[in-house]
Every structure is written in C-alpha cells, then in structure tokens.
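The values are calculated or read from the model by the stated rules, or taken from the named source; none is laboratory data. Fair warning: this is a prediction, and the values are worked out from it, not measured in the lab. Counting neighbours? That spans all protein chains shown, and the Cβs are built from the backbone with ideal geometry, glycine included.
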C-alpha cells in the first residue's frame with residue numbers, strides 16, 4: 001500500500017478458519033495448515049480509496065497456485081456501525097404507569 005500511496009485510517013487482517021477466534025492464545029499447529037483464508041478490511045475516506053484498496057487486495061488472492069484462491073473481494077460499501085456509549089441518567093426520562101385491568105388481577 002505504501003507503493004501505491006494508500007494510507008487507510010484503519011487496517012485489519014483476520015485469519016478465518018484456523019484458530020480465528022483464539023488469536024494469540026491459540027496453540028501452535030503441529031504442522032502447516034492445508035489452507036487458510038485471509039480477510040482484509042480497511043477504513044478509508046473516499047470511495048476511490050476503497051476501490052484502490054480492493055484492487056490491491058485482489059492480488060493477495062491471486063498470487064498462489066491456480067485454483068487455490070477462493071472468493072472475490074466485495075465491492076466497496078459504506079460502513080454502518082453501532083457506537084456504544086454512556087449517556088448521563090439525567091438525560092433519560094423515566095416513568096412507570098400502572099393501569100388497573102379489572103378487580104380480579106392475578107399476580108404470578
């Protein structure tokens with residue numbers, strides 16, 4: 001990416017399928033894996049940068065022997081994500097309303 005002048009704000013490489021969830025706590029394999037999938041994600045500012053990154057990542061999937069690369073990179077798309085945060089309690093109004101349904105209300 002340095003060669004093509006691309007500097008993403010965030011860049012992530014994930015192994016998919018081989019101890020992908022264990023991360024640094026994963027045991028070392030006893031032999032080289034038969035296959036591994038690599039997922040590359042990046043956060044960039046423009047659609048043009050995303051398209052350029054997509055072209056560069058495509059080379060990763062095509063440098064192996066014929067028939068060993070699976071999956072085409074997805075088209076660049078806008079990120080819609082959840083941003084968890086805390087809000088002071090005084091800004092969240094709360095109230096409780098109790099309505100009587102009838103004279104014979106069973107409480108379990």
Quick count over the range 2-23, residues being modelled with pLDDT of 80 or more and more than 13 Å from the chain's Cα centre (by Cα), is 8
Among the numbered criteria (1) surrounded by 10 or more Cβ atoms within 10 Å (Cβ to Cβ); (2) at pLDDT 70 or above, which single criterion is violated by residue 60?
(2)
May I ask you to list the residues in the range 24-57 that are over 19 Å from the mean Cα position of the chain (by Cα), part of a loop (DSSP other than H, G, I, E, B) and in contact (Cβ under 8 Å) with a residue 24 or more places away in the chain?
35
Among the residues of the range 34-56, count how many are exposed (fewer than 14 other Cβ atoms within 10 Å of the Cβ) and touching a helix residue (DSSP H, G or I) at 6+ places or on another chain (Cβ under 8 Å).
1
